[in-house]
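Each remark here refers to the structure printed beneath this line.
The values are calculated or read from the model by the stated rules, or taken from the named source; none is laboratory data. Since we're looking at a predicted model, the values are computed, not measured. Cβ placement follows ideal geometry from the backbone for every residue including glycine, while neighbour counts extend to all protein chains displayed.
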Amino acid sequence: MITLNEIAYNIQNIMYPNTLTIEGEIPLRQIKHWIHYHRAKLIQDNISKGILNFGSIYQRINHTIPRLPSTDNFYRDLYGRETSRMKNRGDWRNLGKIFYNIPEIIMLPNNSAIKEVSVSRIIYDQNNVEFADEMSSRIHLSQRSKTEKEFSSFNKFTNNNKPFYTIDREADLDDGEDNGGPQLQVWGLKRSPNYFGDLQTSVAENLQFRYLLGYTSILQDPTNLNEIHIDEDQIFDEDKTPYPIPLQYIPDLIQRIVQSEIATSLKIMENES
């Protein structure tokens, strides 16, 4: 394994001959930015050579705050008409969605920078204000495009019983947040294990499903995890966490930075001296 700091220090040692003064040194922060940028380019350039088969380029992200799916105030019938939910009954009203802000991912064909998306759920008792003792096993989600999602919503022949996810960029997050980045949108999640088709009973929906998201991704900046509520052992430590790139690609990564960034920077500093 090799860490981000180790890569950055190796590049820094290549950059600076003994004749260069400390005032002319480029900050480590800039070097690390180069590392992230050229890692992304290296992955994109090597897709046809099977680089995506290396598990070391992915990061597993598990959210730690259980969330309740939200529902719309209307739905569309088979003819695309908006229909008030208050006028209709059915188990489909027990299905909701959760939108998650996620860090920027590398742009790859078919959204292949994200895989192995799943949710686990826990039961929340509203009457006793407490969670169940155990979390369910993970529910693995399939991916759909926005077109496939819209088509399946209005098609009576499509099975929508299984939850799925889409990738999008929008600002209408359930929690009101907007970072302008990508969203992982999970659809078709059950809100309650004791839903009775709109029948108002004494225990109507007193139990709720709360969900935790987990996914594996290739981030543009592997260190950009500070704004996400994840397990502590998943926080990126620049001095300890293995940098997500196969070891055999490290020489290529350093060479790219030396050729395209360092040579230009050193030439500029020589002209200014």
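The numbered conditions (1) among the small types (Gly, Ala, Ser); (2) in the same structural domain as residue 222 (by TED's automatic domain parsing); (3) modelled with pLDDT of 90 or more are all true for residue 84 except (3).
For beta carbons closer than 8 Å, sequence separation of 6+ or different chains, a first residue in the stretch 216-237 that is more than 21 Å from residue 141 (Cα to Cα) and in contact (Cβ under 8 Å) with a residue 60 or more places away in the chain and a second that is loosely packed, with under 15 Cβ neighbours inside 10 Å and among the charged types (D, E, K, R), the qualifying pairs are 234/60.
Looking only at the stretch 92-103, residues that are out of contact with any Leu (no Cβ under 6 Å at 6 or more places or on another chain) and surrounded by fewer than 21 Cβ atoms within 10 Å (Cβ to Cβ) come to 6 in all. Report yes if residue 94 is farther than 24 Å from residue 245 by Cα, at pLDDT below 90 and within 27 Å of the chain's Cα centre (by Cα), otherwise no. Spelling it out, residue 94 is indeed farther than 24 Å from residue 245 by Cα, at pLDDT below 90 and within 27 Å of the chain's Cα centre (by Cα). Any idea which residue in the stretch 104-123 is surrounded by the most Cβ atoms within 10 Å (Cβ to Cβ), counting only those that are in contact with a strand residue (DSSP E or B) (Cβ under 9 Å, 6 or more places away or on another chain) and modelled with pLDDT under 90? This residue is 111. Restricting attention to the stretch 3-28, the residues that are at pLDDT below 95, not in a helix (DSSP H, G or I) and not acidic (Asp, Glu) add up to 8. Restricting the stretch 37-65 to residues that are more than 14 Å from the chain's Cα centre (by Cα) and charged (D, E, K, R), the residue that is nearest to residue 217 (Cα to Cα) is 39. Go through the stretch 29-61 and give me each residue that's surrounded by fewer than 14 Cβ atoms within 10 Å (Cβ to Cβ) and not in a helix (DSSP H, G or I). Result: 50, 60. Of all residue pairs spaced 6 or more apart or on separate chains, those with beta-carbon atoms under 8 Å, a first member in the stretch 117-131 that is in the same structural domain as residue 164 (by TED's automatic domain parsing) and within 11 Å of residue 208 (Cβ to Cβ) and a second member that is part of a loop (DSSP other than H, G, I, E, B) and of a type in the set (Gly, Ala, Ser) are 121/136; 122/132; 122/136; 123/132; 124/132; 125/132.
Restricting to the stretch 179-234, and then to whatever is at pLDDT below 70 and among the small types (Gly, Ala, Ser), can you tell me which residue is farthest from residue 63 (Cα to Cα)? Here the residue is 202.
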